[in-house]
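Peer 1: What follows is a single structure, and I will ask about it in a moment.
We did not get these values from a lab; they are worked out from the coordinates using the rules stated. Since this is a predicted model, take the numbers as computed values, not measurements. Backbone-built Cβ (ideal geometry, glycine too); neighbour counts: all protein chains shown.
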Amino acid sequence: MSQIQTWTTVFIVLSFGTYIFIAWRSRVHETDSFWVARHGIPTVANGAAIAADWMSAASFISMAGLIAFLGSDGSIYLMGWTGGYVLLALLLAPYLRKWGKYTVPEFVGERYNESVRTVAAIAAILISYTYIVGQMNGGGIVFSRFLGIGITGGVMIAAVIILIYAVLGGMKSITWTQVAQYTVLITAYLIPAVAVAQLITGIPIPQVSFGQILAELNALSADLGLSNYTEAFTERPMIDIFLVTMALMIGTAGLPHVIIRFYTTKSVRGSRYSAFWALLFIALLYTTAPAVGAFTKFNLLEGVKGTSVDALPQWIENWASTGLVSVNPDAETIGSVSNDAAAGADLTVNNDILVLASPEIAGLPAPIIGLVAAGGLAAAMSTAAGLLLVISSSASHDLYFRRFRKHADDRERLLVGRIAMAVAVVAAVLAGIEPPAFVAQVVAFAFGLAAASFFPALILGIFWKRCNAAGAAAGMLAGLALTITYMVHTLEVFGTSANDHILNISPEGIGTIGALVNFIVAIAVSKLTSPPPKHIEEMVENIRYPAVTRRTADTGAVATEERPDRPEEGSG
């Protein structure tokens, strides 16, 4: 076993042992604890858990790689994901927390009707499943490279560990496990970034110092057949940059596994503070990612430019065994580099390896390389656990309990939820071994589906009382149908041609068009059909305005709720 494998094994065993111990101590037996942790998570801890849930394998493993090869155009992921989180925190989360239910489909069901709840539950399962496929593949990449296990075996190991702690304690154990996972992933991301910044520029602040190498990076990129790193719209047309950014942004605001996090706080005020802490924790990684992308690409290109194939750096041979790095057999020296295997470059490097390979490329010691591997697994597993919870709650609470077994007790509902988790894991493993695209792209598809389905239904449900069940259902189905059809059309799925883009719209950007169609159809159908019942309009008023009363759906008891932005007494 090499030093890298030894240190990777040490960090993975320690971190996995910690996760399972936390899950065991946090195990629960009631649905309220399983799905929303009894609304009792402290705000700082909830903020860290949201950040870990949010920063998936796409953020940790793939985003800096995308920025490295897309250059300026890679900012779509930074703008879309961070902007969308702010949109969610300010526009939707406080109102949904005020309503205080288990799931997004539950809000949709009570705002519209049970038929729309069913549509929403199916959409939540579809979105979460698509998202989790990317996480499984990310975990498989880590195991494949650093422990010498094939991607298939790596995906299966990651799936088993995730399933153990998700099944044991639901939201409660997942939340506290994610606090530990955030600590691991952010430490693993920042330490090598600081070290590489110090090695290259002498300034150990990557967010500041990476600007010093951009001119050299532009020259290296040109020499090796790549686009100018700092020039905009070289890799994607302007219309697609806009559509992808918007899809990621409004998709973020509609993601069920992130929204459900705001149900776990003790109050509406707590959900706002959770949003603040989460944004702070997220910013630590997202402000570092552009520097990681620039430094890693600089080291990569400088290390291979004009190098004989027989004298390439050792990291290329290390990663070649995974199939994610390849050298053109006809090349004698490296004169071109690409991230696209179809481009015919002398050296092809997959986007998904750059962060994981960055310490090796920079020549950092084995312990740091092992720590980065553990961080990549923490990012993939934290998000996968949150997604499994959405699948579980949607299948058990919104479909099984609400549609088929309304008298099912807690024990039966928890059993169904855990079975749904297991089925989802098996299905995600099968798709994660051979995903339809690289990690961040698969995750972007999930955001597109959320944008085309949930975002319009939630916005109209909170801010337009006239929207009715027929309009919401028609809008969600129309938006999803368009988005899914286009994604399948533009990918190598079911025998279709790859990159067959219409009007320069990529499959990552089609969610914006799907959301627009959803809005138009929902508004038109609502206008042409009967308005919602009076009690639905009153419900919307109760969510949006202060000191209002409503009768709870389960008991009929009158409950007084605070306005989302109302200060607590004595707070000034």
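Peer 1: Restricting the calculation to Cα positions, tell me the Rg (one decimal) and the Dmax (whole number) of segment 66-133 in Å.
Peer 2: Rg then Dmax for segment 66-133, in Å: 16.0, 46.
Peer 1: Moving to a separate point now. With everything on Cα atoms, drop me the angle between helix 151-201 and the longest principal axis of the chain, reported from 0 to 90° to the nearest 10.
Peer 2: Once rounded, one gets 40 degrees.
Peer 1: Right, next: Give the average over all directions of the projected area of the C-alpha convex hull of segment 314-353, one decimal, in nm².
Peer 2: For segment 314-353, the mean projected area of the Cα convex hull comes to 2.8 nm².
Peer 1: What residues qualify as long-range amide H neighbours of residue 491, i.e. H under 5 Å apart, gap of 5 or more or another chain, H built at 1.01 Å from N?
Peer 2: none
Peer 1: Moving on to the next point. What FRET efficiency comes out for the pair residue 430/residue 284, r = Cβ-Cβ distance, R0 = 51 Å, nearest 0.05?
Peer 2: 0.90
Peer 1: Counting only pairs 8 or more places apart or on different chains, how many lysine pairs in the chain have C-alpha atoms closer than 12 Å? Intermediate values should be presented prior to the final figure.
Peer 2: Working: 98/266; 297/305; 465/527; 465/534.
Qualifying lysine pairs in the chain: 4.
Peer 1: Give the label of the value calculated from the structure for Rg and Dmax of the Cα atoms in Å, choosing from (i) 49.2, 144; (ii) 29.0, 101; (iii) 23.6, 78.
Peer 2: Structure-derived value, by its label: (iii).
Peer 1: Within the chain, what percent of beta bridges assigned by DSSP are antiparallel, to the nearest 5? Display every interim value, and only then the final one.
Peer 2: On the way: 9 of 11 bridges.
Once the DSSP bridges in the chain are tallied, antiparallel ones form about 80 percent.
Peer 1: Here's something else I'd like to know. At 10 °C and 1.306 mPa s, what whole-number value in µm²/s does Stokes-Einstein give for the translational diffusion of segment 35-156, with Rh from the Kirkwood sum over Cα pairs?
Peer 2: Estimated via Stokes-Einstein, D reaches 92 µm²/s.
Peer 1: Looking at the chain, which longest stretch skips every one of the GluC sites (Glu not before Pro) that is in a DSSP loop with at most 16 other Cβ atoms within 10 Å, leaving the sites themselves out?
Peer 2: Working: sites that count: 30, 231, 332, 492, 562, 568, 569.
Value returned for the longest uninterrupted segment is 31-230.
Peer 1: Taking only the alpha-carbon positions of segment 496-536 and ignoring solvent, what does the Debye formula give for the base-10 log of I(q)/I(0) at q = 0.26, 0.27, 0.30, 0.33 Å⁻¹?
Peer 2: -0.90, -0.92, -0.99, -1.05
Peer 1: Let me ask something else about it. Any idea how far the Cα center of segment 342-381 sits from the one of segment 76-154, in Å?
Peer 2: Segment 342-381 and segment 76-154 have Cα centres separated by 25 Å.
Peer 1: Turning to a different aspect of this structure: How big is the Cα convex hull of segment 205-341 in projection, averaged over all directions, in nm²?
Peer 2: 11.8 nm²
Peer 1: Throw me the Rg/Rh for segment 167-260, computed over C-alpha atoms with Kirkwood Rh, two decimals. All intermediate terms of the calculation are to be shown ahead of the outcome.
Peer 2: Values: Rg = 19.5 Å, Rh = 17.4 Å.
Result for segment 167-260 is an Rg/Rh of 1.12.
Peer 1: Further, regarding this structure: Would you calculate, for the chain, the mean residue ellipticity at 222 nm contributed by helices, counting each DSSP H stretch of 4 or more residues as -39,500 (n - 2.57) and dividing by all residues, to the nearest 500?
Peer 2: Values: 23 runs with 374 residues, N = 572.
Estimated from H runs of four or more residues: -21500 deg cm²/dmol.
Peer 1: Under the rule of at least 5 residues apart or a separate chain, name every residue whose amide H is placed under 5 Å from the amide H of residue 333.
Peer 2: Under 5 Å from the amide H of residue 333: 309.
Peer 1: Right, next: In sequence order, what are the phi-derived ³J(HN,Hα) couplings for segment 301-316 according to the Karplus relation 6.51 cos²θ - 1.76 cosθ + 1.60 with θ = phi - 60°, rounded to whole Hz, with x for glycine and proline?
Peer 2: Values, residue by residue: 5, 5, x, 10, 4, x, 7, 5, 4, 6, 10, 5, x, 5, 4, 5 Hz.
Peer 1: Using 0.36 nm times the number of residues separating residue 320 and residue 86, minus their current alpha carbon distance, what extension gain do you get?
Peer 2: On the way: separation 234, 0.36 × 234 = 84.24 nm, distance 3.95 nm.
That works out to 80.3 nm of additional length.
Peer 1: Right, something else. With N set to the number of residues, divide the alpha-carbon radius of gyration of segment 229-286 by 2.2 N^0.38 Å and report two decimals.
Peer 2: Cα Rg divided by the expected 2.2 N^0.38 Å: 1.54.
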